[in-house]
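The structure appears right after this line, and notes come after that.
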Amino acid sequence: MSDRMFDSTVFVESGNSLIEEIACLEDELEVLDEWPRNRRGPIYNTALRACQRAFESGYPLSAARQTFIGFAKSVNILEDVTIPLPWLMGGKTGASGFGCLIGRTMKCLHNDLSSRSEYGSVLGSPAS
C-alpha cells in the first residue's frame, strides 16, 4: 500500500458535476494541476505548496490533506458525503459511476502493485 494514501478519502465536485474521490496525495496534485489558472489564488498556492512538500519531503501527509480540504472548501467543491455511497456498500456496478471514481484510487496504487505479478491483470498487464 502506498505511503501517500490517506486514512480517509476526500470527495470533491469535478468540473463536469461528478463527485471525485481523492484518496492519495497524487489525486490532490492532479486536481490542483487541473485547476483553472484564472481561479488560482493564495489559498490555492498554499495547498499546492503543502502537497508538493509532502510529495518531496517528510512534510506530514495529514497536513497536506487538511490544507487541500481548506482549498476545496474555499472554492466550494468539497462534498460532504455523510451517507454510504452505493459503490462503497458493495452494490451493483455499471452505470453508477463506479469506474469514474475508482480510477484515481487505482492510479495511486499502480506504482505499488505493478511490480507484483499476482496483480498484473488488475493493472492491465497479463499476470505471469
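Assuming Glu118 fulfils every condition listed in (1) under 21 Å from Phe6 (Cα atoms); (2) of a type in the set (Asp, Glu); (3) at pLDDT below 50 apart from one, which condition is it?
Of (1) under 21 Å from Phe6 (Cα atoms); (2) of a type in the set (Asp, Glu); (3) at pLDDT below 50, only one is false for Glu118: (1).
Pull up segment 21-67, narrow it to residues that are touching a strand residue (DSSP E or B) at 6+ places or on another chain (Cβ under 9 Å) and among the hydrophobic types (A, V, I, L, M, F, W, C), then point me to the one that is farthest from Val81 (Cα to Cα).
Leu61
Mind counting the residues in segment 51-79 that are more than 20 Å from Phe11 (Cβ to Cβ) and loosely packed, with under 14 Cβ neighbours inside 10 Å? Give the steps one after another, and end with the answer.
Going residue by residue through segment 51-79, those that are more than 20 Å from Phe11 (Cβ to Cβ) are 52-53, 55-60.
Imposing the further condition that a residue be loosely packed, with under 14 Cβ neighbours inside 10 Å reduces the set to 56-58, 60.
Number of matching residues: 4.
How many residues does segment 39-48 hold that are free of Cβ contacts under 8 Å to residues at least 24 places away in the same chain and more than 21 Å from Met5 (Cα to Cα)?
Residues that pass the stated criteria total 4.
Take the residues in segment 14-50 that are among the polar types (S, T, N, Q) and at pLDDT 95 or above, then tell me which one is surrounded by the most Cβ atoms within 10 Å (Cβ to Cβ).
Filtering first and then ranking leaves Thr46.
For segment 26-38, how many residues meet the condition of being touching a Cys at 6+ places or on another chain (Cβ under 6 Å) and touching a residue at least 40 places away in the same chain (Cβ under 8 Å)? Can you show your working first?
Taking segment 26-38 as the starting set, the residues that turn out to be touching a Cys at 6+ places or on another chain (Cβ under 6 Å) are 26, 28-29.
With the extra rule that they be touching a residue at least 40 places away in the same chain (Cβ under 8 Å), the set shrinks to 26, 28.
Qualifying residue count, segment 26-38: 2.
Given the conditions (1) modelled with pLDDT under 95; (2) among the aliphatic types (A, V, I, L, M); (3) surrounded by 17 or more Cβ atoms within 10 Å (Cβ to Cβ), report the number of the one that Leu88 does not fulfil.
(3)
Would it be correct to say that Ile77 is among the aliphatic types (A, V, I, L, M), closer than 23 Å to Ser17 by Cα and either without any contact (Cβ under 8 Å) to a residue 12 or more places away in the chain or touching a Ser or Thr at 6+ places or on another chain (Cβ under 9 Å) (or both)?
Details: among the aliphatic types (A, V, I, L, M): yes; closer than 23 Å to Ser17 by Cα: yes; either without any contact (Cβ under 8 Å) to a residue 12 or more places away in the chain or touching a Ser or Thr at 6+ places or on another chain (Cβ under 9 Å) (or both): yes.
Here the answer is yes, as Ile77 does meet what is asked.
The values are calculated or read from the model by the stated rules, or taken from the named source; none is laboratory data. None of the values given here were measured: they were computed from a predicted structure. Ideal geometry is used to build each Cβ from the backbone, glycine not excepted, and the neighbour counts take in all protein chains shown.
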